[in-house]
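*Asks:* Before I ask anything, here is the structure I am working with.
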């Protein structure tokens with residue numbers, strides 16, 4: 001119960017990695033404020049946690065709406081207690097060649113994946129700074145560090161979110177607030193499955209696609225959402241108390257980073 005007595009805000013908690021992070025923190029004692037614009041989905045996440053006797057509250061909100069973000073963060077602080085942990089997971093995906101990308105698709109992806117991190121982190125950090133405590137983890141993507149065909153908007157948004165988090169970590173270091181990034185590779189989530197075509201599914205992702213200049217996964221499997229959640233838990237915990245402004249890749253070696 002290493003997070004007993006702490007309040008953790010998790011965005012994108014309706015499904016996938018966000019739901020796994022919410023569960024990992026809640027089962028370790030945190031009171032989780034689960035935020036997502038998908039109200040039925042986030043209510044289902046909270047119901048599962050409560051059925052396991054964990055403390056969790058649904059906080060429906062859209063991270064692209066500054067007023068909604070400020071309001072829900074204020075409500076969490078007033079009703080649940082001081083936010084000690086923030087995990088930014090909320091994100092959307094639009095794929096396609098750059099030359100065919102619309103301005104609307106580009107703006108939507110950047111506004112949620114990078115702008116959402118800014119809005120939520122800014123709102124929460126303003127409460128953390130006077131208390132001189134807190135930790136922020138942003139879930140990015142390994143595409144922020146390697147080019148991918150037909151994923152330019154997503155890659156750019158995740159690169160922006162990662163650098164925003166690191167810069168914030170530098171600015172907030174004097175207040176003792178740590179900011180880190182966890183960057184997954186291909187993870188078995190609804191977002192990942194929506195990209196599968198031709199029936200090959202996970203096998204093609206693991207093997208790689210030479211025609212798309214994409215390497216496979218050396219460990220030979222997709223990540224489970226829980227694999228990513230465990231990395232988030234570590235960076236949110238006191239076990240990583242001297243780690244800040246770092247980016248941890250959780251991708252089975254897919255990007256072959258040195």
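*Asks:* Go over the candidates 12, 81, 41, 16 one by one and state the one that is in contact (Cβ under 8 Å) with a residue 24 or more places away in the chain and surrounded by fewer than 16 Cβ atoms within 10 Å (Cβ to Cβ).
*Replies:* The conditions single out 81.
*Asks:* If residue 203 satisfies every condition in (1) at pLDDT below 80; (2) closer than 21 Å to residue 137 by Cα but one, which is the exception?
*Replies:* Going through (1) at pLDDT below 80; (2) closer than 21 Å to residue 137 by Cα one by one, residue 203 breaks only (2).
*Asks:* Across the stretch 228-254, what is the total count of residues that are buried (at least 18 other Cβ atoms within 10 Å of the Cβ), at pLDDT below 95 and not in a strand (DSSP E or B)?
*Replies:* Counting residues in the stretch 228-254 that are buried (at least 18 other Cβ atoms within 10 Å of the Cβ), at pLDDT below 95 and not in a strand (DSSP E or B) gives 3.
*Asks:* Among what's in the stretch 19-38 and is assigned to a helix (DSSP H, G or I) and touching a residue at least 40 places away in the same chain (Cβ under 8 Å), pick the residue that is farthest from residue 224 (Cα to Cα).
*Replies:* The qualifying residue farthest from residue 224 (Cα to Cα) is 25.
*Asks:* If you take the residues in the stretch 47-73 that are outside any loop (DSSP other than H, G, I, E, B) and without any contact (Cβ under 8 Å) to a residue 24 or more places away in the chain, which one is farthest from residue 110 (Cα to Cα)?
*Replies:* 51
*Asks:* Within the stretch 125-146, count every residue that is within 18 Å of the chain's Cα centre (by Cα), farther than 14 Å from residue 89 by Cα, at pLDDT 95 or above and crowded, with 21+ Cβ neighbours inside 10 Å.
*Replies:* 2
*Asks:* Collect the residues in the stretch 162-174 that are in a helix (DSSP H, G or I) and surrounded by 15 or more Cβ atoms within 10 Å (Cβ to Cβ), keeping them in residue-number order.
*Replies:* If the condition is that a residue be in a helix (DSSP H, G or I) and surrounded by 15 or more Cβ atoms within 10 Å (Cβ to Cβ), then 162, 163, 164, 165, 166, 168, 169 are the ones that fit.
The values are calculated or read from the model by the stated rules, or taken from the named source; none is laboratory data. Here the structure is a predicted model, which is why all the values come from computation and not from measurement. Every residue, glycine as well, gets a Cβ built from its backbone with ideal geometry; the counts of neighbours run over all protein chains shown.
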